[in-house]
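Trainee: Sending over a structure as structure tokens; questions will come in a sec.
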Amino acid sequence: MKKKVSLLLIVFIVLISFTGCKKNDALLFKEDYESINDKESKSGKKHRSVTIDENNPFVISSAKEVVEKINNKDSFYVYFGSKICPWCRSVIEKAIEVANNNNVTKIYYVDIWNDEGEEILRDKYKLDDKGNVIKTIEGKEEYYELLKLLDNVLEDYTYTKDEKQESFGEKRIYAPNFIYISNGKAIKLTTGISNLQKDSRETLTEEMLKDEEKEFNDIFVNVCDSSC
């Protein structure tokens, strides 16, 4: 009996030690985004310094999980982005602020690039010298599934050269993309980016921040689904 009690006690202590050391998703998200503050990007430009609230609503997820949730007819928010995306870094603080102020407690986060700026989810195309469309990176199976499931809110995948815009013939998940899904249907998408912001690394003015706040209010507060 004593041996059994001792064994249970040891198991309990081990479980406590493991769970006590495990970091939650919000903290992992904070550490990930803050880890490159003011560091040089692959292009030689400095990453914007951001301060991430440790009580942020992000849940680290995957494209596969998002597909499953949509097919299960769930209602939820999802954010497609990356810590190395300069546009993402320009809106992420305001996104967290507005979400927290409006009791949005869970946003599923899907990272679309690795630390080297290489695609880990999406496909990629380019135009050759003759203007032919060539696929240079094959997207994951779940990415193509997401393109179908989110089609009604996604923008076209286009390429601009010499002020001429060409279409690659499919929709695109860009970064940042914040999407609200209700009962398995995509209802609203926003980037959160101010129309006044022309460069992803420029200093954000009060007017830009107000625009960001409006964009996020539109999805975290004013979003309307079939229950409205």
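Trainee: Specify which of the listed residues (THR191, THR160) is loosely packed, with under 14 Cβ neighbours inside 10 Å and among the polar types (S, T, N, Q).
Mentor: On the way: THR191 fails: loosely packed, with under 14 Cβ neighbours inside 10 Å.
Just one listed residue meets the conditions, THR160.
Trainee: The conditions are (1) outside any strand (DSSP E or B); (2) touching a helix residue (DSSP H, G or I) at 6+ places or on another chain (Cβ under 6 Å), and VAL59 fails exactly one of them. Which is it?
Mentor: Of (1) outside any strand (DSSP E or B); (2) touching a helix residue (DSSP H, G or I) at 6+ places or on another chain (Cβ under 6 Å), only one is false for VAL59: (1).
Trainee: Oh, and also: Could you list all residues from region 81-123 that are part of a helix (DSSP H, G or I) and of a type in the set (A, V, I, L, M, F, W, C)?
Mentor: So the first thing to find is which residues in region 81-123 are part of a helix (DSSP H, G or I), and the list is 86-101.
Within region 81-123, TRP87, CYS88, VAL91, ILE92, ALA95, ILE96, VAL98, ALA99 qualify.
Trainee: I would also like to ask the following. Of all residues in region 169-200 being in contact with a Pro (Cβ under 8 Å, 6 or more places away or on another chain) and of a type outside the set (Val, Ile, Thr), which is nearest to ASN222 (Cα to Cα)?
Mentor: So in region 169-200, the residues in contact with a Pro (Cβ under 8 Å, 6 or more places away or on another chain) come out as 191-193, 200.
Then keep just the ones that are of a type outside the set (Val, Ile, Thr); that gives 192, 200.
Values: GLY192: 14, SER200: 26 Å.
Checking each candidate, the answer is GLY192.
Trainee: Specify the residue that is farthest from ILE181 (Cα to Cα); the eligible residues are those in region 23-68 that are among the basic types (Lys, Arg) and surrounded by 13 or more Cβ atoms within 10 Å (Cβ to Cβ). Step through it out loud before you land on a result.
Mentor: Taking region 23-68 first, the residues among the basic types (Lys, Arg) are 23, 30, 39, 42, 45-46, 48, 64.
Filter once more, keeping what is surrounded by 13 or more Cβ atoms within 10 Å (Cβ to Cβ): 30, 46, 48, 64.
Values: LYS30: 24, LYS46: 34, ARG48: 30, LYS64: 15 Å.
Per the criteria, the residue is LYS46.
Trainee: In region 73-83, is there at least one residue being surrounded by fewer than 18 Cβ atoms within 10 Å (Cβ to Cβ), at pLDDT below 95 and not acidic (Asp, Glu)?
Mentor: Looking through region 73-83, none of the residues is surrounded by fewer than 18 Cβ atoms within 10 Å (Cβ to Cβ), at pLDDT below 95 and not acidic (Asp, Glu).
Trainee: Another one. Residue under question is ASP129, and the condition is that it be out of contact with any Asp or Glu (no Cβ under 7 Å at 6 or more places or on another chain), touching a residue at least 40 places away in the same chain (Cβ under 8 Å), assigned to a loop (DSSP other than H, G, I, E, B) and acidic (Asp, Glu); does it hold?
Mentor: Against the criterion (out of contact with any Asp or Glu (no Cβ under 7 Å at 6 or more places or on another chain), touching a residue at least 40 places away in the same chain (Cβ under 8 Å), assigned to a loop (DSSP other than H, G, I, E, B) and acidic (Asp, Glu)), ASP129 does not qualify.
Trainee: (1) touching a residue at least 60 places away in the same chain (Cβ under 8 Å); (2) farther than 29 Å from TYR159 by Cβ: which one isn't true of PHE58, the others all being true?
Mentor: (1)
Trainee: Checking VAL78 against (1) more than 30 Å from ASN37 (Cβ to Cβ); (2) in a strand (DSSP E or B); (3) touching a residue at least 12 places away in the same chain (Cβ under 8 Å); (4) not aromatic (Phe, Trp, Tyr), which test does it fail?
Mentor: It is condition (1) that VAL78 fails.
Trainee: Report every pair of residues separated by at least 6 positions or lying on different chains whose Cβ atoms are under 7 Å apart, first residue within region 29-44 and over 21 Å from TYR108 (Cβ atoms) and part of a loop (DSSP other than H, G, I, E, B), second modelled with pLDDT under 95 and charged (D, E, K, R).
Mentor: Every condition considered, the pairs that remain are LYS42/GLU116.
The values are calculated or read from the model by the stated rules, or taken from the named source; none is laboratory data. Model, not experiment: these values are computed from the prediction. Here the Cβ is made from the backbone with ideal geometry for all residues, glycine too, and neighbour counts use every protein chain on show.
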